[in-house]
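Asks: Handing you a structure now.
Nothing in this text is a laboratory measurement; each read-out follows from the coordinates by a stated rule. Predicted model only: the values in this text are computed from it and were never measured. Reconstructed Cβ throughout: ideal geometry from the backbone, glycine too, with neighbour counts over all protein chains shown.
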Protein chains: 2
Amino acid sequence: MSPAALIGVDWGSSNARAFLFGRDGSRLAERAAAIGIARHQGEACAGVLADWLRDWLDDYPGVPLLLCGMVGSRNGWRECAYLPTPAAPALLAGSLHAFDWRGRGVAIVPGVCHDNPLDGFSDVMRGEETQIAGLPAVCPQFDQLDWLLMPGTHCKWIRLRQGGIVELATYMTGEMYALLRQHSLLSGLIDDGGAWRVEPFLQGVEAAVAHPDWLHQLFGVRARGVRDAMPPDALAGWLSGLLIGYEIQAALARPADAPAKLCGIVGAPRLARCYAAALRHFSIETVAIDGDQAVAAGLWSLARQAGWV
Amino acid sequence: MSPAALIGVDWGSSNARAFLFGRDGSRLAERAAAIGIARHQGEACAGVLADWLRDWLDDYPGVPLLLCGMVGSRNGWRECAYLPTPAAPALLAGSLHAFDWRGRGVAIVPGVCHDNPLDGFSDVMRGEETQIAGLPAVCPQFDQLDWLLMPGTHCKWIRLRQGGIVELATYMTGEMYALLRQHSLLSGLIDDGGAWRVEPFLQGVEAAVAHPDWLHQLFGVRARGVRDAMPPDALAGWLSGLLIGYEIQAALARPADAPAKLCGIVGAPRLARCYAAALRHFSIETVAIDGDQAVAAGLWSLARQAGWV
């Protein structure tokens, strides 16, 4: 009997990560590669996967393959329709997009969409839903989490209730910081040197709360820099705090049954610490969650619930 | 007796415009050139000016020279300290920075700064104060204007009272639109083709009023584009309306003795028409003002009040 029960793959726009699971869910092996699906499309994805995982596929014929992430998007291998909120993991497991490939069962986890009349548009995610399915295995406080926050280029705030996804809102915070830092008239004034001090960062968070006129406050970064009112190494932290402050304030202002108390953060350690410091300012406790651990646990959990292992 | 009484120059970061005034304030000649201050500094400015206006300077020895704009900044010809608000034209005329240059009287109009505890930083302008000094000559309703609005890369909102400058706030609206249009992940989704339709523009204005969560709404431009919920030629107008809506809402929310009713707009005709359409949405009437006419009238008016002509 094969020692392997499942090959799981989290395949996003820029990177892919694969896990080889044993029959008890333990990870026998894992690997990562910069083979984002942004550079491949449709059946070309199958060839890329066959090359990348050739040894596993040869060694374990018939072992099923479960994929999540952008691989299920319009530009991925096979397009899988989004599952609308509210979306519990059991519903995800029951909605896998399954097909046969070279004599092997393959399934793709659908993304989740959230249509909120409050927003006026439909917000979407692919891959994060699988991390959420893995929370019970990687976060002891998972049933107390009000929000799961995924900071980055496009920051996702996912409202949870009893382990299910009830709301989703994406914020352009990371991209906005990069635009202002690299391409705007502020860029010459800012020197972030790769590390911020926490004081100007928190001052920026406070400024966002006090001043809703964000287009004026962004000009204030320039005014402070030009008039030497703030040193260049403080401006980067202040700007980051300002943007993150606006994001958190907006996320917490969304209508909810009860005020949020505990927020899980899945992200790079330094950025996660910044968000945790800012959230403390709003009296929200946080818990750090390892995204790779969560997605691996989620792939295994969904495969089990779907009866694939 | 020389037919000329004054040479006036509006010298900004990118361009310069010069006016030769007759003894009655009529304009005998004018010229413009792309010799912005950003490329010259200190006494080098004097050489650039001497080359550019050589014929006028030769023909009219002793005729005084009055300059306004970035020429008075730290990186200009001579740095002139900002005059703090409230700043009436008579006060500006009494604060000219005067010196002798090659046997001729030269004066630079100081810029104006506004220190507002509400903002947390000091906002500044150079050049716009001279346009304001010219309003009585170019705008019949000048004494009813509550705001003077100068849209562009950095949009200035100047609150007026009895012809004097009482408040100033600058917004990064134009630069933000350009950043998102040219460098962001939205740029591939937007096709503005140089002209917007007014409907999506006004929908964007309405969205700004309804949704303070701007970082989420900016992501919504992408979500709409990716999911084909709005055609590419509508997204540009919608994004512009969203940003301008946030700007106007913030400007009108500033504390004031009385609600604003009439707003003068100094700017390129197409952009000025967009702002006028958006301001009607907020029940504000507008009047278009020609910026070149205003600055010429302002230079003449300040020279008269200062006793230079």
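Asks: Take A:TYR171, B:TYR177 and order them by how many other Cβ atoms sit within 10 Å, fewest up front.
Replies: If I rank by nearby Cβ atoms, fewest first, I get B:TYR177, A:TYR171.
Asks: Under a GNM of chain B (C-alpha, springs under 10 Å), which listed residue has the highest mean-square fluctuation: B:ALA90, B:ALA229, B:ALA277?
Replies: B:ALA229
Asks: DSSP loop (so not H, G, I, E, B), at most 10 other Cβ within 10 Å: list which trypsin sites (Lys or Arg not before Pro) in region B:188-227 pass both filters.
Replies: Sites meeting the loop and neighbour criteria: none at all.
Asks: Kindly put B:MET230, A:MET70 in sequence by how many other C-beta atoms sit within 10 Å of each C-beta, fewest to most.
Replies: With the sparsest Cβ surroundings first, the list reads B:MET230, A:MET70.
Asks: Let me ask something else about it. If I histogram all Cα-Cα distances within region A:129-195 using bins 5 Å wide from 0, what percent of pairs lands in each bin?
Replies: Spelled out per bin, shortest first, that is 4, 15, 19, 16, 11, 10, 10, 9, 5, 1.
Asks: Roughly how big is chain A's charge dipole about its Cα centre, with Cβ charges of +1 (Lys, Arg) and -1 (Asp, Glu), in debye to the nearest 20?
Replies: So the magnitude is around 160 debye.
Asks: Let's see if you can work this out: charge +1 on each Lys and Arg Cβ, -1 on each Asp and Glu Cβ, no other charges. What is the dipole magnitude of region A:65-220 about its Cα centre, in debye to the nearest 20?
Replies: Using Cβ point charges on Lys, Arg, Asp and Glu, region A:65-220 gives about 640 debye.
Asks: Oh, and also: Hey, for B:GLU206 with labels 7 Å out along Cα-Cβ, what do the inter-copy distances come to in nm, ordered shortest first?
Replies: Going from nearest to farthest copy, the values are 4.0 nm.
Asks: Please build a GNM for chain A, connecting alpha carbons under 10 Å apart, and tell me which residue among A:LEU96, A:LEU57, A:LEU243 fluctuates the most.
Replies: A:LEU57
Asks: Using only helices, what value at 222 nm comes out for chain A when you add -39,500 (n - 2.57) per DSSP H run of length 4 or more and divide by the total residues, to the nearest 500 deg cm²/dmol?
Replies: Value at 222 nm, helices only, nearest 500: -11000 deg cm²/dmol.
Asks: Test of the criteria: in region B:102-156, which trypsin sites (Lys or Arg not before Pro) are in a DSSP loop and have at most 15 other Cβ atoms within 10 angstrom of their Cβ?
Replies: Listed in order of number, the matching sites are B:ARG102.
Asks: Taking amide H positions as placed in the peptide plane 1.01 Å from N, state which residues far from A:SER13 in sequence (5 or more) or on other chains have amide H under 5 Å from it.
Replies: A:ILE37, A:MET70
Asks: Would you mind listing the distances between the B:PRO269 label point and the same position in each other copy? Use 7 Å along Cα-to-C-beta, nm, one decimal, shortest first.
Replies: With the label placed 7 Å along Cα→Cβ, B:PRO269 yields 6.1 nm.
Asks: What is the helix-to-structure angle for B:173-183, meaning the angle in degrees between its Cα long axis and the longest Cα principal axis of chain B, kept from 0 to 90 and rounded to the nearest 10?
Replies: 60
Asks: Hey, for A:PRO255 with labels 7 Å out along Cα-Cβ, what do the inter-copy distances come to in nm, ordered shortest first?
Replies: Counterpart label points of A:PRO255 in the remaining copies fall at 3.2 nm.
Asks: Related question: Straight-line reach from B:LYS156: which aspartates and glutamates fall under 16 Å, measuring Cα to Cα and dropping same-chain residues less than 8 apart?
Replies: In chain and number order, the partners are A:ASP213, B:ASP115, B:ASP119, B:ASP123, B:GLU128, B:GLU129, B:ASP146, B:GLU167, B:GLU175, B:GLU247, B:ASP290.
Asks: Cβ under 15 Å from A:ILE37's Cβ, A:ILE37 left aside: what net charge do those residues give with Lys, Arg +1 and Asp, Glu -1?
Replies: +1
Asks: Let me ask something additional. Could you please state, rounded to a whole Å, how far the C-alpha centre of region B:266-309 is from the C-alpha centre of region B:19-68?
Replies: With region B:266-309 and region B:19-68 each reduced to a Cα centre, they are spaced 23 Å.
Asks: Among B:VAL71, B:LEU149, B:VAL112, flag the residue with its Cα farthest along the positive direction of the charge dipole of region B:54-205, charges on Cβ as +1 for Lys/Arg and -1 for Asp/Glu.
Replies: Going by the charge dipole, the pick is B:VAL71.
Asks: Quick one: dipole size for region A:165-309, taken about the Cα centre, charges +1 on Lys/Arg Cβ and -1 on Asp/Glu Cβ, in debye to the nearest 20.
Replies: 40
Asks: If you don't mind, there's one more thing I want to ask. Given a cut-off of 38 Å, what percent of all Cα-Cα pairs of chain A lie beyond it?
Replies: For chain A, the fraction of Cα-Cα distances above 38 Å is 20 percent.
Asks: Mind checking A:168-178 for the average number of partner chain beta-carbons within 10 Å of each residue's beta-carbon?
Replies: Going residue by residue through A:168-178 and averaging, the value is 5.
Asks: Using only Cα atoms, find the angle between the long axis of helix A:214-226 and the longest principal axis of chain A, and express it within 0 to 90 degrees, rounded to the nearest 10.
Replies: That helix lies at roughly 60 degrees to the long axis.
Asks: Taking only Cα atoms and a 10 Å spring cutoff, compute GNM fluctuations for chain B and point out the largest among B:GLY25, B:GLY120, B:GLY164.
Replies: Maximum fluctuation in the GNM of chain B, among the listed residues, is at B:GLY120.
Asks: Taking chain A as the reference, fit the longest principal axis to its C-alpha atoms, fit the long axis of helix A:198-210 to the helix C-alpha atoms, and give the angle between the two in degrees, 0 to 90, nearest 10.
Replies: Around 80 degrees separate the two axes.
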